[in-house]
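These notes are about the structure you will find just below.
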Amino acid sequence: MTNHVHIILSSEKGLLSDTIRDMKSHTSKKILDSVHEPGESRRSWMLNLFGFAATRHKRNSKYQLWTHDNHPIELISNHFFDQKLEYIHNNPVEAGIVENAHEYLYSSARDYCG
């Protein structure tokens, strides 16, 4: 999705909240590194957006790419897992981005379509 992400994950090394924190930290650094690369035409626009978002939270020093909150849901059964996976795969379809879930470039739906 263009403004949020849905993921199904587990962690064998500690708390899931720590895994999410580490994922956000790592991806933020990588995205900011990419924004600062030569030739990035949207640099000023993106840094302005990330900088503005940072001013709204005391925990940030310069930029904010991710929100501080999460909405984790424990997947307690295979049925519930399948239901959430279907929701995630159909999110770009419902948003009108693609006609079929497997067509969305950033989705795992193509791995499930046979």
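The values are calculated or read from the model by the stated rules, or taken from the named source; none is laboratory data. Note that this is a predicted model, so its numbers are computed, not measured. Note that we place each Cβ from the backbone using ideal geometry, even for glycine, and neighbour counts take in every protein chain shown.
Summary table below
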| item | result |
| --- | --- |
| Residue match in region 41-52 (condition: touching a Lys or Arg at 6+ places or on another chain (Cβ under 9 Å), modelled with pLDDT of 90 or more and part of a loop (DSSP other than H, G, I, E, B)) | no |
| Of residues in region 54-70 being over 25 Å from Leu15 (Cα atoms) and among the polar types (S, T, N, Q), the one surrounded by the most Cβ atoms within 10 Å (Cβ to Cβ) | Thr55 |
| Residue within region 17-32 that is under 18 Å from Trp66 (Cβ atoms) and assigned to a loop (DSSP other than H, G, I, E, B) present | no |
| Of all residues in region 1-43 being loosely packed, with under 10 Cβ neighbours inside 10 Å and hydroxyl-bearing (Ser, Thr, Tyr), the one that is nearest to the chain's Cα centre (by Cα) | Thr2 |
| Of residues in region 90-114 being in contact with a Pro (Cβ under 9 Å, 6 or more places away or on another chain) and among the aromatic types (Phe, Trp, Tyr), the one surrounded by the fewest Cβ atoms within 10 Å (Cβ to Cβ) | Tyr106 |
| Selection from region 73-97 of residues that are under 18 Å from the mean Cα position of the chain (by Cα) and under 16 Å from Asn3 (Cα atoms) | Ile88, His89, Asn90, Asn91, Pro92, Val93, Glu94, Ala95, Ile97 |
| Selection count where residues are touching a residue at least 12 places away in the same chain (Cβ under 8 Å), surrounded by 12 or more Cβ atoms within 10 Å (Cβ to Cβ) and not aliphatic (A, V, I, L, M), scope region 71-89 | 3 |
| Filter pass, Phe80 being among the hydrophobic types (A, V, I, L, M, F, W, C) and not assigned by TED's automatic domain parsing to the domain that holds Ile31 | yes |
| Count of residues meeting criterion [under 25 Å from Thr27 (Cα atoms) and either in contact with a Gly (Cβ under 7 Å, 6 or more places away or on another chain) or at pLDDT 95 or above (or both)] in region 63-80 | 1 |
